[in-house]
1. Determine, yes or no, whether residue 65 is at pLDDT below 75 and surrounded by 12 or more Cβ atoms within 10 Å (Cβ to Cβ).
2. Among the helices (runs of 4 or more DSSP H) lying completely within segment 13-74, list those that include at least 3 residues that are of a type in the set (D, E, K, R).
3. Of all residues in segment 1-26, which are at pLDDT 65 or above, small (Gly, Ala, Ser) and either touching a Cys at 6+ places or on another chain (Cβ under 9 Å) or surrounded by fewer than 10 Cβ atoms within 10 Å (Cβ to Cβ) (or both)?
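The values are calculated or read from the model by the stated rules, or taken from the named source; none is laboratory data. None of these values were measured; they are calculated from a predicted model. Here the Cβ is made from the backbone with ideal geometry for all residues, glycine too, and neighbour counts use every protein chain on show.
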Amino acid sequence: MNRYRMEGRMPIMDAQSKEPLYQQLYKQLSKRIASGEIPSGTKMPSIRQLMKASGVGKIRLRQPISNCSQKATS
């Protein structure tokens, strides 16, 4: 099973948006899964990679990753 690499594919986060960063990240990851950019069965990026890419803390990242993982398997 391959791991999805963030290099060159960093999520674009809008710190000025009323939408929390972790929700923005969830939406972007969901779109990438739905479009096939992140193929089914691919491991999600590590929490550390996502923290670095998004500026969102570890605790806040767990929910979007869990939601994306559940969505991908359902």
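1. On the way: at pLDDT below 75: yes; surrounded by 12 or more Cβ atoms within 10 Å (Cβ to Cβ): yes.
Spelling it out, residue 65 is indeed at pLDDT below 75 and surrounded by 12 or more Cβ atoms within 10 Å (Cβ to Cβ).
2. Numbers: elements: 21-35, 47-54, 58-73.
Per the criteria, 21-35, 58-73.
3. Across segment 1-26, the qualifying residue is only 15.
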